[in-house]
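Step one of this worksheet: look at the structure below.
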Amino acid sequence: MLKHLLSATALVVTTGFAIAEPNPLRDAYFGETHLHTAFSLDAYIGGTRLMPADSLAYARGEAVTLPDGSIVQHKRPLDFAAVTDHAEYLGEMYSTMFEDAPGHDDKDLVALRGLESLEDRQDWFIKYVVSSNRSATPQHPPFYAGPATARSAWQVIIEAAEEANEPGVFTALIGFEWSAAPNGANLHRNVLFRDSNVPSIVPSYIDINEEENLWAWMKEQEAEGRHLFAIPHNSNASKGRMFPDIDSFGDAMDLEYARTRQAYEPLIEMMQVKGNSEVHRKFWAADEFAGFENADSIQKNSGRIFRQRDFVRGGLVDGIGYEFALGVNPFKYGFIGGTDNHNGLMSEVAEDEFIGAHGPEDGSVERRRTGSVAGWIDGQDLSIGSLAGVWAIDNTRAAIWDAMKRRETFASSGPRIKVRMFGGVDLSTPTDPVQMAQEGYLLGTHMGGNLKPAGAPPMFTVYAEKDALGANLDRIQIIKGWVDEYGDANEKIIDVVWAGDREIDPDTGKLPAVGNTVDLTTALYTNDIGAPMLMGSWTDTDFNPQSKAFYYARALEIPTPRWTTYDAVRNGLPLLENVPATIQERAWGSPIWYSN
């Protein structure tokens, strides 16, 4: 509703394309920021043969053919997308797939092209991906034919994005993944460019071993007139290093580190197929919704034992703590979504259609129920991934990228839930989405922004709209984190607006559950409970102008079947005991910060 309600109707013509006139109140657009094609060695090992052009065509809603001859087509085309193949081994994959490329006939690449059994594929993954990329000194394999092959592969990726990009209709961003995992600590970053002004080759973890030197390379690109930023992901597998208290060289975090990180990393991926990185029930027991897609079995691999600082909310709290000490917040992250799908299929994020994301590793019901994705996670712990959402003036590269850069973004666990929040001392309780946006931009600040210093308590206005094809909404919450004038960290969760006539229990301070309509024998639910749209406001009456704080919105759906339940019902199998049969999908809006 909101997207159409706020859309501008006038058209302008630029470079041969007719596009809608920019909407100053901004529309919600959904897309993919994390996707692998056959140019990623691990995806190719798993049987992926879709090329960047194929994946972008799929994102646009066009039919594509899979290696087995089947034809697939996205039921819900995206507004924007980026192919983010691993920079590591781009050249090797070019040699593998192009007959006239240097090294194509290397015996190892001949073997790679002939892999058939799951065991052989796993052996290749461990030998050429895990053993190198999860070490402190990654190396190219012996079949690397030189940087010219990497340049050629990168050019194929660029050309695919250029061909798919259609301003006003579909935005194809150019990007890559820098896949650092020193000693198994996942520090991967997706790098996205604003336009087609990109370098002739991009660095991998083999070329640059530390994020500080990645940022230095990015600074060099800016000096040459390019615009780019990095998005960290999978903080849940970072072994405490995504939100560290020291830098990559073992030195204490300083002001330069904090400034540089904030400048080049405006967003963090909240969730993907390897789990939700917002919070974990072990560390946030008071958050009744912290048990969502925790992906515990990640801890079985590479010593990735969960710590509180592996999760985004923990990083946000630590960030304002560092601002208290250093004057700059190094972890000032907005939220974005992505899938990390390695099948080449953009944003395959429907619980009732999940077929895995890693080729044969999770490509069958049996593997998803009883197997694992080698070196990563048990099949049953996988999530479907998440969607990226932005509030932008139009659907063009510049507008989508700029929305990400200013952090006016949100992430959804799959459904196309729209969520929005504004903050300010002069706001009023919203009466409709248009009035809320008009007032929010005029008198307050949007998601991802900063509250102006003020002595009065700020009001936050929130809005969420259900997926047009999905479940109703349960509630909208605001999560507040703050560091007081003594340097102590605090958190609070507020139920702001909810469906139905429920009331907060005065003894527990909790809102009663919305109910559950799911029939576990059929994997069906109804929208007899919940609401299609929620809107409201909350004033922080405990506001202390001497504290530093963040606030973000979390919108929750009513309970619906998890993908494991759909798998079980379709195949006449018992429900799995170790994972929930139902879940509450959700969307997270980027924080608004206050700093005195």
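Numbers below:
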item: Point-to-point label distance, Asp402-Phe98, nm (Cα→Cβ direction, 7 Å offset); result: 3.5
item: Evaluated over the stretch 375-516, the Cα radius of gyration and Dmax, each in Å; result: 17.7, 52
item: Rg to Rh, two decimals, where the stretch 45-169 supplies the alpha carbon set and Rh follows Kirkwood; result: 1.00
item: Alpha-carbon Debye profile of the stretch 180-244, log10 I(q)/I(0) at 0.21 Å⁻¹; result: -0.87
item: The stretch 33-88: radius of gyration over Cα atoms, expressed as a fraction of 2.2 N^0.38 Å; result: 1.10
item: Shape metrics for the chain, restricted to C-alpha atoms - Rg then Dmax, Å; result: 23.0, 73
item: Sequence of Thr445, Thr65 from largest to smallest accessible area, 1.4 Å probe; result: Thr65, Thr445
item: Hydrodynamic radius (Kirkwood) for the stretch 454-530, which is based on Cα pairs only, to one decimal in Å; result: 15.6
item: Cβ charges +1 (Lys, Arg) and -1 (Asp, Glu), total dipole of the stretch 478-576, debye; result: 420
item: Contact order normalised by residue count of the stretch 494-570, Cα under 8 Å, 6+ apart, percent; result: 37
item: When each of Lys239/Lys510; Lys274/Lys466; Lys300/Lys418; Lys107/Lys239; Lys239/Lys332 is checked by Cα-Cα distance, pairs over 27 Å; result: Lys239/Lys510; Lys300/Lys418; Lys107/Lys239
item: Dipole magnitude of the stretch 396-483, debye to nearest 20 (Cβ charges: Lys/Arg +1, Asp/Glu -1, about Cα centre); result: 320
item: Residue among Ser132, Ser428, Gly470 farthest towards the positive dipole end of the chain, charges placed on Cβ; result: Ser428
item: Spacing of the two label points (7 Å from each Cα toward its C-beta) at Asp108 and Leu326, in nm; result: 3.8
item: Distance histogram in 10 Å bins (all Cα pairs of the stretch 314-380, percent per bin); result: 19, 32, 16, 22, 10, 0
item: Within-11-Å neighbourhood charge of Asn544 [Cβ basis; K, R +1; D, E -1]; result: -3
item: The stretch 122-169 - convex hull of the alpha-carbon atoms, volume per residue in Å³; result: 138
item: Electrostatic dipole magnitude of the chain [Cβ: Lys, Arg +1; Asp, Glu -1; Cα centre; debye, to 20]; result: 560
item: Positive-end extreme of charge dipole, the chain - chosen from Ala568, Gly314, Asn165 (charges on Cβ); result: Gly314
item: Hydrodynamic radius of the stretch 465-596 per Kirkwood, over alpha carbon pairs, in Å; result: 16.9
item: Asp245-Ile305 FRET efficiency (beta carbon distance; Förster radius 25 Å; 0.05 resolution); result: 0.90
item: Scattering profile of the stretch 275-388 at q = 0.10, 0.18 Å⁻¹ [log10 I(q)/I(0), Debye over alpha-carbon scatterers]; result: -0.37, -1.00
item: Protection proxy ranking, peptides 138-148, 453-463, average beta carbon neighbours within 10 Å, highest first; result: 453-463, 138-148
item: Pairwise centroid distance, computed over Cα atoms, of the stretch 431-491 with the stretch 278-319, Å; result: 23
item: Translational diffusion of the stretch 501-547, µm² s⁻¹ [Kirkwood Rh, Cα pairs; Stokes-Einstein; 4 °C; 1.567 mPa s]; result: 89
item: Quarter of the Cα convex hull surface for the stretch 88-225, i.e. its orientation-mean projected area (nm²); result: 9.8
item: Area accessible to solvent at Tyr525, 1.4 Å probe radius, in Å²; result: 70
item: Cβ crowding within 10 Å averaged over residues, with 343-353, 254-264, 164-174, 229-239 ranked highest first; result: 229-239, 343-353, 164-174, 254-264
item: Gap separating the Cα centres of the stretch 515-585 and the stretch 31-108, nearest whole Å; result: 33
item: Percent carbon-and-sulfur accessible area, the stretch 231-350, ignoring ligands, DNA and RNA, probe 1.4 Å; result: 49
item: Binned Cα-Cα distances of the stretch 356-404, short to long, each 10 Å bin given as a whole percent; result: 25, 29, 14, 27, 5
item: Crossing angle, helix 433-443 versus the chain [Cα axis fit, 0-90 degrees, rounded to tens]; result: 80
item: Relative contact order (%) - criterion: Cα under 8 Å, at least six apart; region: the chain; result: 13
item: Accessible surface, per residue, of the stretch 398-500 when the full set of protein chains is kept, probe 1.4 Å, Å²; result: 33
item: Lys/Arg +1, Asp/Glu -1 at C-beta; the stretch 241-305 dipole; positive extreme among Tyr264, Ile305, Ile246; result: Ile305
item: 18 Å tail of the calculated P(r), the stretch 66-114, as % of Cα pairs; result: 55
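The values are calculated or read from the model by the stated rules, or taken from the named source; none is laboratory data. Keep in mind it's a predicted model, so treat the numbers as computed, not measured. Don't worry about glycine lacking a Cβ; one is built from the backbone with ideal geometry, like all the others, and counts go over all protein chains shown. Remember, those area values only see protein heavy atoms, side chains included, never the ligands or the DNA or RNA. Shrake-Rupley method; radii C 1.70, N 1.55, O 1.52, S 1.80 Å.
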